[in-house]
Every structure is written in structure tokens, then in C-alpha cells.
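Chemist: Quick one: structure below, then a few questions.
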Amino acid sequence: NYELATIFLKSKKFEPAIHHYRQSRHKDWEENILLCLYKLERYRDFKSLLHRIINKGKMSPLLATLSQHYSQNFEVKNPCNFCDSPLDYVLHKQVPELIESKGQLTKDLLYDIKNAKIATRTQGLLSSGIQSSGNLLNRPEKSFKKLSVIIKKRIQEYYLSHKDIDNGFIKYFPEHIEFLNSWYIKIQSGGYLRSHIHEHSWISGAVYLVIPESATNSKKGAIELSTHGGDYPKLHNRFTTEIISLRTGDIVFFPSSVFHR
């Protein structure tokens, strides 16, 4: 039932998706029903279920995304204490290890991306580009292992810099850092990645190994973070958005409830 519901959701057949999620009572079935109700613009039913889920003490990125969007859409108080201003939790900085020693680690990573036997997969959100399959940061090559250690260290530093903040995002921050998924994306000239969230992870991010010089300090190759995206219904354009221009060697972290493209 859960798998059927997910197929219906991806096909934008929200009523049968609701039925099968309800039949399944599996994993995040309630949050996905909430998503279907929102996309159907059944706002009264959405509000009722949203408060029921929150009152159970549930906390998840998808729930946070929906609650945040609803609160901004209708300009009401956000009932979910995940992180009320998620773009305040964006980290953007350079990774010294990627640019030190004439960028040797970056060169090693690019060499392994090109030469290691890494399969690619289709990605419906990606235009004029390719994405790797598998979990890149769990691969045996030394370059990926080094990058894995570097990213874990940065996430730990990120958490420690926010640890005294009283919200669900920090309070329930994973004790052990684990890469649920990791991949590379190569985007060609004119390509783009559509807006989405990562509802099954807690924190998301990207490391930039190659940014053309012509794109530095411009919107080309930039990442856009927002409280709106994913074809959610919107009543106005007053959603919070931030565009970050990038350089080779940059890293960006943000809560997984944040839309990015």
C-alpha cells in the first residue's frame, strides 16, 4: 500500500495516494497524506491533520516544510517548532582541504569521479546533467573517504555552533552522522536542477568541486534556497528565498526541510 501510494503521489494522483497511505499506516504515511491534502488545496482538512500530527509530538523535515509553507502562505503562526526561520540555519563557507596543496584533494576527487566504475542514474529533477547512483561517500576510494571525514567534521562544527538553540531541528539533531545518500551531479551549460527537499534526512548540503570562473559571483551555477518550491500551491510571492553564488571549494549546509534548486 505504501509503495502504491508513493507511485500515485509521484503521478500527482493525490486522492488514491491518500487512500493507500491510510491503508498502509507505514513510516511517514501521515505526513504524506498531509502533503496530498495541501496539493489538493484542501486547507481545512490539512490544518486539522497538521495539528493532530504535531500534538502527537512528531518531528520530521517533511512536516516542517509543510507547516512552514502553510504558515507563510496564510501568514499565520507556524505551529511546528522545527526551525521557524530555516534560512537562518544555512552555512556557506570554503573548505580549506579542497583548495590547499594546489587543490590536490579536489583533483583526486575529480579523477575518481571520472575513472572509478561509478554507475549513473536517471534523475527526473535534473535537466542537461547526470547524477551518480549508489552512496558516493561510502565508496572505498581514498578521495571519497577523505571527503567523508571532512564533511562529518564540518557537520559536527555546525551542530556545536547551534547547540544552545531551543527548537526541534537542534534538539533532535542526529547523535551519529551517517550519509543516507550521497552522489555527484554534473550539470552542463544551460542545465539546472529543479526545486526539491530531502524529506528522509535531517541536514542536506553540497560540496562544489568545479565552478566555472565565469560563474563566480553570479547566478550561474548558484544554489537557491527557499521556503517555497516543489509545486506547492501559493497565494502570494512573499516566501523567503536566498541565492548563494559559489566558488570552487565551497560547501553549503541547510536543514533538509529547505527547498533548494
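The values are calculated or read from the model by the stated rules, or taken from the named source; none is laboratory data. In this text the structure is predicted, and so the values were computed from the model without any measurement. Cβ placement follows ideal geometry from the backbone for every residue including glycine, while neighbour counts extend to all protein chains displayed. These area figures cover heavy atoms from the full protein model, side chains too; ligands, DNA and RNA do not enter into them. Shrake-Rupley method; radii C 1.70, N 1.55, O 1.52, S 1.80 Å.
Chemist: Report yes if Asn78 is at pLDDT 95 or above, part of a helix (DSSP H, G or I) and of a type outside the set (D, E, K, R), otherwise no.
Modeler: no
Chemist: Ser60: surrounded by fewer than 20 Cβ atoms within 10 Å (Cβ to Cβ), hydroxyl-bearing (Ser, Thr, Tyr) and at negative phi, yes or no?
Modeler: Against the criterion (surrounded by fewer than 20 Cβ atoms within 10 Å (Cβ to Cβ), hydroxyl-bearing (Ser, Thr, Tyr) and at negative phi), Ser60 does not qualify.
Chemist: Kindly provide the set of residues from region 179-211 that are among the small types (Gly, Ala, Ser), in a strand (DSSP E or B) and either at pLDDT below 95 or in contact with a helix residue (DSSP H, G or I) (Cβ under 9 Å, 6 or more places away or on another chain) (or both), ordered by number.
Modeler: Listed by number, the residues that qualify are Ser189, Gly190, Gly191, Ser204, Gly205.
Chemist: Is it true that some residue in region 95-113 is modelled with pLDDT of 95 or more, under 20 Å from Gly205 (Cα atoms) and in a strand (DSSP E or B)?
Modeler: no
Chemist: Mind counting the residues in region 212-233 that are open to solvent by 80 Å² or more (accessible area, probe 1.4 Å), assigned to a loop (DSSP other than H, G, I, E, B) and not basic (Lys, Arg)?
Modeler: 2
Chemist: Now, a different point. In the set Tyr111, Tyr70, which member is in contact (Cβ under 8 Å) with a residue 24 or more places away in the chain and touching a Phe, Trp or Tyr at 6+ places or on another chain (Cβ under 8 Å)?
Modeler: Tyr70
Chemist: Then there is this: Checking His236 against (1) modelled with pLDDT of 95 or more; (2) open to solvent by 40 Å² or more (accessible area, probe 1.4 Å), only one condition comes out false. Which one?
Modeler: (2)
Chemist: While we're on this one: For Lys93, state whether it is under 24 Å from Trp29 (Cβ atoms), of a type outside the set (A, V, I, L, M), open to solvent by 60 Å² or more (accessible area, probe 1.4 Å) and more than 16 Å from the chain's Cα centre (by Cα).
Modeler: no
Chemist: Can you spot a residue in region 48-55 that is outside any helix (DSSP H, G or I), open to solvent by 20 Å² or more (accessible area, probe 1.4 Å) and more than 30 Å from Gln123 (Cβ to Cβ)?
Modeler: Checked against the condition, which is being outside any helix (DSSP H, G or I), open to solvent by 20 Å² or more (accessible area, probe 1.4 Å) and more than 30 Å from Gln123 (Cβ to Cβ), region 48-55 yields no hits at all.
Chemist: So in region 157-178, with the set limited to residues that are open to solvent by less than 100 Å² (accessible area, probe 1.4 Å) and not in a loop (DSSP other than H, G, I, E, B), which one is farthest from Leu110 (Cα to Cα)?
Modeler: Filtering region 157-178 for residues that are open to solvent by less than 100 Å² (accessible area, probe 1.4 Å) and not in a loop (DSSP other than H, G, I, E, B), the one farthest from Leu110 (Cα to Cα) comes out as Gly168.
Chemist: I would also like to ask the following. I'd like the full set of residues that are of a type in the set (S, T, N, Q) and either in contact with a helix residue (DSSP H, G or I) (Cβ under 8 Å, 6 or more places away or on another chain) or touching a residue at least 60 places away in the same chain (Cβ under 8 Å) (or both), limited to region 128-160.
Modeler: Ser128, Ser132, Asn138, Ser143, Ser148, listed by residue number.
Chemist: Now for a separate question. Which of the residues belonging to region 109-149 are among the polar types (S, T, N, Q), farther than 18 Å from Ile187 by Cα and open to solvent by less than 50 Å² (accessible area, probe 1.4 Å)?
Modeler: Residues satisfying the conditions are Asn135, Ser143, Ser148.
Chemist: Take region 1-44 and flag every residue that is within 18 Å of His198 (Cα to Cα), surrounded by 20 or more Cβ atoms within 10 Å (Cβ to Cβ) and without any contact (Cβ under 8 Å) to a residue 24 or more places away in the chain.
Modeler: Matches in region 1-44: Ile33 only.
Chemist: Looking only at region 58-75, filter to residues that are closer than 14 Å to Asn167 by Cβ and in a loop (DSSP other than H, G, I, E, B); which one of those is modelled with the lowest pLDDT?
Modeler: Met59
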